[in-house]
Amino acid sequence: MYKHKIAIVGATGAVGTVFLKMMEDRKYPSVLLRVFASKKSLGKKLSYLGKHLIVEELNDDSFIGSDFVFISATTSISESIADLAVKSGAIVIDDSSAFRLSEGVPLVIPEINSEDLLNHKGIVSIPNCSTTPLAMVLGCLAQLSRPLRVVTDTYQSVSGTGSAAVSELLNQSKSVTEGAEISKNVYAHQIAFNLFPHIDELQPNGYTKEEMKMALETKKILHRPDLEISATCVRVPVLVSHSQSVHIEFDNKIKVDDAIDVLNNFSGIKVLDDVSKNVYPTPIDAEGKDDVFVGRIRSDNYRSNILALWVVTDNLRKGAALNALQIADYMSQMKLHV
């Protein structure tokens with residue numbers, strides 16, 4: 001393992017917390033680890049391998065000496081500090097949407113398109129947490145036949161919005177069960193015991209920004225600008241893990257057994273599929289796990305070249321933190337930063 005100097009921006013947020021915990025679990029060999037967050041967290045102590053890391057304030061010298069800077073903050077923060085990190089000699093691994101569709105910035109899922117890392121110019125983007133599992137499944141099944149069209153409906157947990165949304169769901173759930181007044185701060189609607197088909201800003205074409213992220217990011221990752229993707233993204237009262245119902249039309253007929261076989265043998269994907277025994281992925285099953293879980297794999301009732309399946313992933317791990325760590329590992333192995 002290579003020993004790197006790592007900086008984490010957004011270390012106290014939902015994804016940053018998981019990123020630090022995953023590094024600790026792996027005893028990640030960072031010789032220098034610095035953590036940064038918003039002003040309200042300055043001076044906070046974060047436990048790491050028996051020591052305490054002190055949350056620092058960002059300044060022009062924050063990234064000097066860093067090898068990798070992991071950013072999990074707002075898009076505006078990423079846009080304001082990424083160039084500073086690159087000029088300081090670091091590689092930026094960014095979790096926001098700031099650079100995902102920018103020309104010259106690799107958008108990477110290591111199991112799918114690690115070769116794109118060869119073309120980095122200092123910044124590497126992580127896909128949206130709902131894009132990653134979809135692109136993983138499509139990239140895997142493309143071994144059998146070329147995907148032509150995808151229709152997906154997502155069921156996304158509140159942790160995808162952040163820590164404040166998690167607190168809002170818990171507080172509202174308590175209020176509902178106690179018959180107390182509901183307080184809404186993060187979402188326009190009550191999320192406890194409810195759901196709504198509106199994630200991110202509405203776009204002129206009638207789709208939301210989240211839905212368009214899924215389509216455009218997947219096309220970029222797979223190098224398939226011709227791939228047709230239509231998504232409906234729904235926020236659900238689940239703490240962690242995003243789920244998707246996916247229908248994929250292929251160029252040729254796809255046998256279910258063949259699909260199960262290639263999925264089961266693809267790094268990072270695990271099949272849970274035995275409905276007769278109530279075996280299929282659920283958000284609770286996926287929480288805290290690294291794999292993309294797939295189940296309910298079946299042929300379309302009318303067309304033999306269409307597969308329907310159910311996909312569940314921990315959005316904070318493979319959807320963000322794990323993918324970032326894997327990118328750093330791959331870049332080290334490829335000697336893109338040693």
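Per the conditions (1) hydroxyl-bearing (S, T, Y); (2) crowded, with 16+ Cβ neighbours inside 10 Å; (3) outside any loop (DSSP other than H, G, I, E, B), the sole criterion not satisfied by T12 is (3). Checking each residue in the range 100-128 for being without any contact (Cβ under 8 Å) to a residue 40 or more places away in the chain and either among the β-branched types (V, I, T) or in a strand (DSSP E or B) (or both) picks out V105, S125. Checking the stated criteria, S76 turns out to be more than 16 Å from M331 (Cβ to Cβ) and free of Cβ contacts under 8 Å to residues at least 60 places away in the same chain. Scanning the range 284-323 for residues that are crowded, with 24+ Cβ neighbours inside 10 Å and of a type in the set (G, A, S), we see that the one that is modelled with the highest pLDDT is A286.
Search the range 22-37 for residues being outside any strand (DSSP E or B) and touching a helix residue (DSSP H, G or I) at 6+ places or on another chain (Cβ under 8 Å), and hand back the single one that is modelled with the lowest pLDDT. Only one residue tops the list, namely Y28. Considering every residue within the range 189-203, establish whether at least one is over 26 Å from D258 (Cα atoms) and in a helix (DSSP H, G or I). Within the range 189-203, not a single residue is over 26 Å from D258 (Cα atoms) and in a helix (DSSP H, G or I).
Taken over the range 267-283, residues that are part of a strand (DSSP E or B), surrounded by fewer than 20 Cβ atoms within 10 Å (Cβ to Cβ) and either in contact (Cβ under 8 Å) with a residue 60 or more places away in the chain or of a type outside the set (D, E) (or both) amount to 2. Checked against (1) closer than 21 Å to G319 by Cα; (2) touching a residue at least 24 places away in the same chain (Cβ under 8 Å); (3) of a type in the set (S, T, Y), S62 passes all but a single condition, namely (1). When S96, S167, S163, S102 are checked against the criterion of being outside the structural domain of F293 (by TED's automatic domain parsing), hydroxyl-bearing (S, T, Y), farther than 30 Å from A259 by Cα and surrounded by 19 or more Cβ atoms within 10 Å (Cβ to Cβ), S96 stands alone in meeting it. Tell me, yes or no, whether the range 129-151 has at least one residue that is modelled with pLDDT of 95 or more, more than 30 Å from E249 (Cβ to Cβ) and either in a helix (DSSP H, G or I) or of a type in the set (A, V, I, L, M, F, W, C) (or both). Looking through the range 129-151, none of the residues is modelled with pLDDT of 95 or more, more than 30 Å from E249 (Cβ to Cβ) and either in a helix (DSSP H, G or I) or of a type in the set (A, V, I, L, M, F, W, C) (or both).
Among the conditions (1) part of a strand (DSSP E or B); (2) in contact with a Ser or Thr (Cβ under 8 Å, 6 or more places away or on another chain), P237 misses just one, which is (1). For the range 284-338, taking the residues that are of a type in the set (S, T, Y) and outside any helix (DSSP H, G or I), the one that is farthest from P106 (Cα to Cα) is identified as Y302.
When we screen I93, I81 for residues that are of a type in the set (A, V, I, L, M, F, W, C), in contact (Cβ under 8 Å) with a residue 24 or more places away in the chain and over 19 Å from G319 (Cβ atoms), the only hit is I81. Might you let me know whether the range 223-232 holds any residue that is outside any helix (DSSP H, G or I), touching a residue at least 40 places away in the same chain (Cβ under 8 Å), touching a helix residue (DSSP H, G or I) at 6+ places or on another chain (Cβ under 8 Å) and over 21 Å from I126 (Cβ atoms)? Looking through the range 223-232, at least one residue is outside any helix (DSSP H, G or I), touching a residue at least 40 places away in the same chain (Cβ under 8 Å), touching a helix residue (DSSP H, G or I) at 6+ places or on another chain (Cβ under 8 Å) and over 21 Å from I126 (Cβ atoms).
Would you check if S97 is of a type in the set (S, T, Y), outside any strand (DSSP E or B) and out of contact with any helix residue (DSSP H, G or I) (no Cβ under 8 Å at 6 or more places or on another chain)? No.
Residue-wise test of (1) surrounded by fewer than 21 Cβ atoms within 10 Å (Cβ to Cβ); (2) more than 26 Å from Q333 (Cα to Cα); (3) of a type in the set (S, T, N, Q).
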{"residue": "G16", "(1), (2), (3)": "no, no, no"}
{"residue": "R26", "(1), (2), (3)": "yes, no, no"}
{"residue": "G43", "(1), (2), (3)": "yes, yes, no"}
{"residue": "S80", "(1), (2), (3)": "yes, yes, yes"}
{"residue": "V124", "(1), (2), (3)": "no, no, no"}
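The values are calculated or read from the model by the stated rules, or taken from the named source; none is laboratory data. Bear in mind the structure is a predicted one, so any value in this text is a computation, not a measurement. Because the Cβ atoms are built from the backbone with ideal geometry, glycine has one as well, and the counts that use them run over all protein chains shown.
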